[in-house]
Amino acid sequence: MAERLKDKILDADKMVDVVCGPDAYRDLPRLLEEVDYGQKGINTLLSLEETYADISPVRISKNAVMAFVSVMRGCNNMCSFCIVPFTRGRERSRPVESIVKEVGELWKEGVKEVTLLGQNVNSYNDASGSENEIEPGNNWALSEGFKSMCKVKKMGLRFADLLDRLSTEFPEMRFRYTSPHPKDFPDELLYVMRDRHNICKCIHLPAQTGSTTVLERMRRGYSRGAYLELVQKIRRIIPDVGISSDFICGFCGETEEEHADTLSLIKAVGYDMAYIFAYSMREKTHAHRNYSDDVPEEVKQRRLSELIKAFHETTCQHYDSQVGTIQLVLVEGPNRKAPETELVGKSDRGHRVSFVNLPLLDRDNQGDSKQNPVVGDYVEVHITKSTRTSLYGEALAITKLTTFYNNVEKATVACGI
């Protein structure tokens, strides 16, 4: 925003003296000094190195049990509709050690779940050391059937390596991540997710459209068929995984047939969650320079409604499939619909789960005394009911993450599964 609106902010509005982009925060003392001499301070340059690795974020709420940790910035994909590469710059990743340190500090503060953030989080590449170096210009392993818009000059520790390290060092902490690109799901990443109980079994897999021809105009680097094959592989390796996605309707030149392809993809995959938008042209993008935003607004809105309807028609089955199962729920707080009597949290798969707040046994404490679960507790919940957007269940016991999954493994072995 600083780069895009700097002239308007400084000249038209006459309200500010300094415009500083996110990568220029180290330049603030010089910019402020320029203001003291009657000049306007401007630095909106994007850095190829800045990762904020040495910045410790100030947490607004010290009592929160969930936190976000940025692991990389920027994007190299250059999708034709997206402004991110021009506003956030090219990809650069924080060193693994700085991330481990920040997560360790969060653990000491009582955080139980961390979401790893990045504009293209699963293309994470810590090339600060010499580990796993390859020759300049070579590409790393991508999802089968996918291609990259750029080549990697130096490869270091990948996202699977980061997840492996974090999940090992913090076994009682759950990890999620967003937002990934479908091309960066090599088998190694999927197997780490499968084998580590504290890496949540939910994957955001942005499709954007179900039409191969629109995908080509979007410069996404894959076809409809390659995307569907990746979905099948993910569900084969991680059977109970939850999958969510992003969709854009009414992209430049989209025909009714291409729109129908997206409707059929939503029905074919069946998503737990979807974020669906009507296309809006962004300046400086490839689409802005090369395409015409030629789908009428009323057509976009009609197609948007059709996509949302298709999603709602298919999502119920994924919530219904959880009825009868026992889920590990991290308590986030009171249920806003019944704050005096119910608690709410998320399951491993990312589903919202509500249950009555009653005294429970603690699996890890000997004795028969019971206590009410509190924010930050892991609770075993037997799912008894589902709606289109949430689950309800009966709380069974307070537990630890490792205790819960150790018991699941013992039960699996006992049943001969």
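No lab work stands behind these numbers, since they all come straight from the coordinates. Since this is a predicted model, take the numbers as computed values, not measurements. We place every Cβ from the backbone using ideal geometry, glycine too, and count neighbours over all the protein chains shown.
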Review point. In region 329-400, which trypsin sites (Lys or Arg not before Pro) are in a loop and have at most 13 other Cβ atoms within 10 Å, using DSSP for the loop call?
Key: 336, 337, 370, 388
Exercise for review: Please order 378, 319 by the number of other Cβ within 10 Å, starting at the fewest.
Suggested key: 319, 378
Check your understanding: Percent antiparallel among DSSP beta bridges with both residues in region 329-417, to the nearest 5?
Key -> 85
Practice item. Could you tell me which of the pairs 183/309; 201/370; 154/233; 201/400 are separated by over 25 angstrom between their Cα atoms in the structure shown? Key: 183/309; 201/370; 154/233
Practice item. Sticking with the crude label model, points 7 Å out along Cα→Cβ, report the distance from residue 107 to residue 305 in nm, one decimal please. Key: 5.1
